[in-house]
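Here's the structure, in structure tokens; my notes come after.
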Amino acid sequence: MNLSSCVKEKVAKAYQQCGYNEAQTLVKLSDRPDMSDYQSNGALPLAKQLKQNPRAVAEQIATVLKDDSFFSKVSVDGPGFINLTISDKALGDMADAVLNTPKGGYERTTPPQKVVIDYGGPNVAKALHVGHLRPAVIGEAIKRIHAFAGDDIIGDIHLGDWGLPMGLLITEIQERHPDLPYFDATFTGEYPKEAPFTVHDLETMYPIASQKSKSDEAYLARAKENTHLLQNGHRGYRALWQHFVDLSVAEMKKLYEPLDIHFDLWRGESHVHDRLQKMIVRLQKEGLIVPDDGAQVIRLGKSKTGNDLPPLIMVKSDGAVMYGATDLATIEERVEEFNPDSILYVVDARQALHFEQVFAGAEKIGLTKKVKLLHLGFGTINGKDNKPFKTRDGGVMTLKMLMELATDAALKKMNSGEMGRDLTDEEKSKISKIVGVSALKFADLMNERMKNYIFDEDKLTSTEGKTGPYILYALVRMKSVLEKMNESAAITEQDIIRIQEPAERQLMLRLYGMPDSLQTAYDNNAPHVICDYLFKLAQDFNLFYHDCPIKDADEQTRRSRLALTKYTLDMGLKMTNLLGLQVPDKM
Ligand code: ARG
């Protein structure tokens, strides 16, 4: 049960009782929260159909509703809108049934789905940078929102681990260390378990190799040949490549762990290599892959905007398989293995054309009969100059640097006394990491997904305004109120809510409003809706905390206010968890 469904049910019954179609109540949250909580606008279309006076129809329904003590005020306004205000008693009475439940009143109205979420998408042997924050953070939040709503979800990182970059690295290592056994064609023993290089060696070697390949044709040709050999199973190169993957994955986990980002599958493009080879042969036979200027392509129809889509290149003229080809084979694999209802791709909006081509290709080869494919794009993180965010001296901002920047900013606030006044140095160092990372994630998630946003270092960790720390502060305050009163956050039967002040009413309505926000966030894959909700929840709580004394209130009021604090903390933790934000105990 939740408040909206309860109101809808009562109104439907009233329509029915008056002999009207109860499917047409048009109940929604009020446009004028200062006047009412809900409104029902169904009398207008009904009256039109029945050729009656809409106000008279509305009055008739309102009369029935007025008899229900659930509503403290029922009025007919304008041409025939019914405005409804819930009684304070009813709001208090339903708290246990609605809020003291695992999903805080959220009810699924459509059948649960099986969903694969492809997010993160980093590349092996390349340092994660600022551009890898959004796909990971937004993807994780979308995954959690779906799971909360009842979907069965599988999150896959889809590593870039199979193209020319791998061949370039092999070539560069060969040039530097030609004596390594990986390059010895006569070597039949076991290759070393330990890599003869570190992940940092790889991260510095890769840009050098990439640069060389642009000016040195012979080098590029060797890199291509090495890519080919790797893909076709060259024993030494496969062993070398396994080092790349193992070192990179270990490094990625070190970064994703503090960001609280977890993947179910750590597969990459390489995973579908064999499947892709078979797929290409089959589609060539079926005439779906055709030669085009030396390449092998799938011809596509029109784009959404009516233009001709460029063909999807499967195999380039030099024999290399393409990014889109691995994506197609991956769809085939996911369909066969998981039979999902949908696959969501949380990938930079600049790859929109790529996904349009892949999805059109998938449709053409018959992969989309049972699965819906959706690209959930996002904008870039920009600096104050509105260009992609860089370090002060114009270099690449790595993800590690970005996280340090946020943590340092939080620590600075603690050392200046803006927060963390009662913390020891040891606590400050630990808690600044939680606060910094949560601040970074919130500042990202609160923006509408598709928009670019400007990274504001100063605002990030502010405890005022719409920021992560503002929300964490409110939650920490709830924890400390309960702790001071010797209360656990677990809700019991004695927790009866009695609303007396407007701030209590506002906070209760906010708690009851979660299912509506969650549904919007789910339907639009929009974590920013949850950010909005949390921000308002924190504001409403702060107002309540200011207006409604707890300690010195009479016993019943005190108990009610403590219960309200518990419900708010409980809801706040549910929602921060959806966004993947950690909440410290103190700050
Ligand atoms: N590795 C890719 C990149 O760096 C992103 C992968 C996104 N997922 C996918 N299935 N294409 O651009």
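The values are calculated or read from the model by the stated rules, or taken from the named source; none is laboratory data. If you're wondering where the values come from, they're calculated on a predicted model, not measured in any experiment. Using ideal geometry, Cβ is built from the backbone for each residue, glycine included, and neighbour counts are taken over all protein chains shown.
Does VAL437 qualify as being outside any loop (DSSP other than H, G, I, E, B) and under 30 Å from ARG559 (Cβ atoms)?
Values: outside any loop (DSSP other than H, G, I, E, B): yes; under 30 Å from ARG559 (Cβ atoms): no.
The answer is no for VAL437.
Looking only at region 118-138, count how many residues are under 30 Å from LEU518 (Cα atoms) and either within 14 Å of the ligand (Cβ to nearest atom) or free of Cβ contacts under 8 Å to residues at least 24 places away in the same chain (or both). First the steps, then the outcome.
From region 118-138, those under 30 Å from LEU518 (Cα atoms) are 118-122, 130-138; that's our starting set.
Next, only the ones that are either within 14 Å of the ligand (Cβ to nearest atom) or free of Cβ contacts under 8 Å to residues at least 24 places away in the same chain (or both) stay: 118-122, 130-136, 138.
The number of residues fulfilling the criteria is 13.
Only one of (1) modelled with pLDDT under 95; (2) farther than 27 Å from GLN519 by Cα is not met by ALA23, so which one is it?
Going through (1) modelled with pLDDT under 95; (2) farther than 27 Å from GLN519 by Cα one by one, ALA23 breaks only (2).
Looking at THR461, is it of a type outside the set (Gly, Ala, Ser), at pLDDT below 95 and surrounded by 21 or more Cβ atoms within 10 Å (Cβ to Cβ)?
Against the criterion (of a type outside the set (Gly, Ala, Ser), at pLDDT below 95 and surrounded by 21 or more Cβ atoms within 10 Å (Cβ to Cβ)), THR461 qualifies.
Might you let me know whether region 296-315 holds any residue that is touching a Phe, Trp or Tyr at 6+ places or on another chain (Cβ under 8 Å), at pLDDT 95 or above and within 15 Å of the ligand (Cβ to nearest atom)? Talk me through it step by step, then tell me what you get.
Within region 296-315, the subset touching a Phe, Trp or Tyr at 6+ places or on another chain (Cβ under 8 Å) is none.
The answer is no; no qualifying residue exists.
Given the conditions (1) part of a helix (DSSP H, G or I); (2) within 9 Å of the ligand (Cβ to nearest atom); (3) not hydroxyl-bearing (Ser, Thr, Tyr), report the number of the one that ALA141 does not fulfil.
With (1) part of a helix (DSSP H, G or I); (2) within 9 Å of the ligand (Cβ to nearest atom); (3) not hydroxyl-bearing (Ser, Thr, Tyr) applied to ALA141, the lone miss is (2).
Kindly list, by first and then second residue, each pair from a residue in region 144-172 that is under 30 Å from TYR522 (Cα atoms) to a residue that is among the small types (Gly, Ala, Ser) and within 15 Å of the ligand (Cβ to nearest atom), limited to pairs with Cβ atoms under 6 Å and residues at least 6 apart or on different chains.
ILE157/GLY120; HIS158/GLY121; LEU159/GLY268
Which residue pairs have Cβ atoms under 7 Å apart, sit 6 or more places apart or on different chains, and have a first residue in region 8-32 that is within 21 Å of THR520 (Cα to Cα) and a second that is surrounded by 15 or more Cβ atoms within 10 Å (Cβ to Cβ) and β-branched (Val, Ile, Thr)?
Correct list of pairs: LYS8/THR25; LYS8/VAL27; THR25/VAL11; VAL27/VAL7; VAL27/VAL11.
Looking at region 9-24, is at least one residue in contact with a Phe, Trp or Tyr (Cβ under 9 Å, 6 or more places away or on another chain) and under 18 Å from GLY78 (Cα atoms)?
Checked against the condition, which is being in contact with a Phe, Trp or Tyr (Cβ under 9 Å, 6 or more places away or on another chain) and under 18 Å from GLY78 (Cα atoms), region 9-24 yields no hits at all.
Table: residues versus (1) within 33 Å of the chain's Cα centre (by Cα); (2) at pLDDT 95 or above.
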position: GLY155; (1), (2): yes, yes
position: HIS158; (1), (2): yes, yes
position: ASP161; (1), (2): yes, yes
position: LEU180; (1), (2): no, yes
position: ALA185; (1), (2): no, no
position: VAL199; (1), (2): yes, yes
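Take region 239-266 and flag every residue that is assigned to a loop (DSSP other than H, G, I, E, B) and β-branched (Val, Ile, Thr).
Matches in region 239-266: ILE261 only.
Restricting attention to region 324-362, which residues are among the acidic types (Asp, Glu) and within 11 Å of the ligand (Cβ to nearest atom)?
ASP327, ASP348
Among residues belonging to region 146-163 that are part of a helix (DSSP H, G or I) and surrounded by 16 or more Cβ atoms within 10 Å (Cβ to Cβ), point out the one that is farthest from the ligand (Cβ to nearest atom). Full working, then the answer.
First, the residues of region 146-163 that are part of a helix (DSSP H, G or I): 146-148.
Subset that is surrounded by 16 or more Cβ atoms within 10 Å (Cβ to Cβ): 146, 148.
On the way: HIS146: 18, PHE148: 24 Å.
Step by step, filter region 146-163, then rank; the result is PHE148.
Mind checking which pairs have a first residue in region 566-587 that is farther than 28 Å from ASN415 by Cβ and a second that is among the polar types (S, T, N, Q), Cβ under 8 Å, 6 or more apart or different chains?
Here the result reads TYR567/ASN100, each pair linking region 566-587 to a residue that is among the polar types (S, T, N, Q).
Please work out which one of (1) more than 24 Å from the chain's Cα centre (by Cα); (2) within 16 Å of the ligand (Cβ to nearest atom); (3) modelled with pLDDT of 95 or more is the condition ILE365 fails and give its number.
In the conditions (1) more than 24 Å from the chain's Cα centre (by Cα); (2) within 16 Å of the ligand (Cβ to nearest atom); (3) modelled with pLDDT of 95 or more, ILE365 misses (2) alone.
Test GLY436 against the stated conditions and say whether it is farther than 22 Å from TYR106 by Cβ and buried (at least 17 other Cβ atoms within 10 Å of the Cβ).
On the way: farther than 22 Å from TYR106 by Cβ: yes; buried (at least 17 other Cβ atoms within 10 Å of the Cβ): yes.
In short, yes.
Quick check on region 77-85. Is at least one of its residues in contact (Cβ under 8 Å) with a residue 12 or more places away in the chain and either touching a Leu at 6+ places or on another chain (Cβ under 6 Å) or closer than 30 Å to ILE153 by Cβ (or both)?
Scanning region 77-85 turns up at least one residue that is in contact (Cβ under 8 Å) with a residue 12 or more places away in the chain and either touching a Leu at 6+ places or on another chain (Cβ under 6 Å) or closer than 30 Å to ILE153 by Cβ (or both).
Condition (residue is in a helix (DSSP H, G or I) and within 23 Å of LEU579 (Cα to Cα)) applied to region 412-423: is it met by at least one residue?
Checked region 412-423: no residue is in a helix (DSSP H, G or I) and within 23 Å of LEU579 (Cα to Cα).
Determine which single condition GLY167 fails, assuming it passes every other condition in (1) surrounded by fewer than 24 Cβ atoms within 10 Å (Cβ to Cβ); (2) among the small types (Gly, Ala, Ser); (3) closer than 28 Å to VAL347 by Cβ.
So GLY167 meets the others, but not (1).
Taking ARG222 and the conditions (1) loosely packed, with under 15 Cβ neighbours inside 10 Å; (2) within 16 Å of PRO178 (Cα to Cα), which numbered condition does it fall short on, given that it satisfies the others?
(1)
Could you run through region 372-397 and say how many residues are crowded, with 18+ Cβ neighbours inside 10 Å, part of a strand (DSSP E or B) and of a type outside the set (A, V, I, L, M, F, W, C)?
1
So which of ALA62, ALA47 ends up being touching a strand residue (DSSP E or B) at 6+ places or on another chain (Cβ under 6 Å), of a type outside the set (Asp, Glu) and not in a loop (DSSP other than H, G, I, E, B)? Break it down stepwise before answering.
Working: ALA47 fails: touching a strand residue (DSSP E or B) at 6+ places or on another chain (Cβ under 6 Å).
Going through ALA62, ALA47 in turn, just one is touching a strand residue (DSSP E or B) at 6+ places or on another chain (Cβ under 6 Å), of a type outside the set (Asp, Glu) and not in a loop (DSSP other than H, G, I, E, B): ALA62.
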